[in-house]
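To start, the structure under review is shown below, and the notes come after it.
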Amino acid sequence: MVTKELEVLTRAGIHARPASLISTIANRYRCSISLVRDTMTINAKSIMGIITLGATYKTKLTLICDGEDEDEAAREIESAFSRRFEE
């Protein structure tokens, strides 16, 4: 299991476009991928789940990847956050 702390760096937060990007990346991998905010845990393969997190600018999230390709999945999602979802 890989766990990483991520921070939303885009001023608009995670809206439909970044949620779609995260979901697209997550669906490339076989491992389970979750995002956690406070007490809410969602499946990162679900666009609607990601949007329900209500992650605004500077929100801290925990990424949890568990399975055979967890390292690659965590690296790619962390990279998307650091690149500010290419906005």
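Scanning region 62-75 for residues that are part of a helix (DSSP H, G or I) and either within 12 Å of residue 5 (Cα to Cα) or open to solvent by 50 Å² or more (accessible area, probe 1.4 Å) (or both) yields a total of 4. Against the criterion of being more than 19 Å from residue 83 (Cβ to Cβ), modelled with pLDDT of 95 or more and either surrounded by 18 or more Cβ atoms within 10 Å (Cβ to Cβ) or among the aromatic types (Phe, Trp, Tyr) (or both), residue 50 does not qualify. Just one of the listed residues (79, 20) is in contact with a helix residue (DSSP H, G or I) (Cβ under 6 Å, 6 or more places away or on another chain), assigned to a helix (DSSP H, G or I), of a type outside the set (Phe, Trp, Tyr) and surrounded by fewer than 16 Cβ atoms within 10 Å (Cβ to Cβ), namely 20. For region 29-46, the criterion of being crowded, with 18+ Cβ neighbours inside 10 Å and in a helix (DSSP H, G or I) is met by no residue.
The values are calculated or read from the model by the stated rules, or taken from the named source; none is laboratory data. The structure displayed is predicted, hence computed values, not measured ones. Note: ideal-geometry Cβ built from the backbone for every residue, glycine included; neighbour counts use all protein chains shown. Heads up: the accessible areas ignore ligands, DNA and RNA and are worked out on the full protein's heavy atoms, side chains in. Shrake-Rupley method; radii C 1.70, N 1.55, O 1.52, S 1.80 Å.
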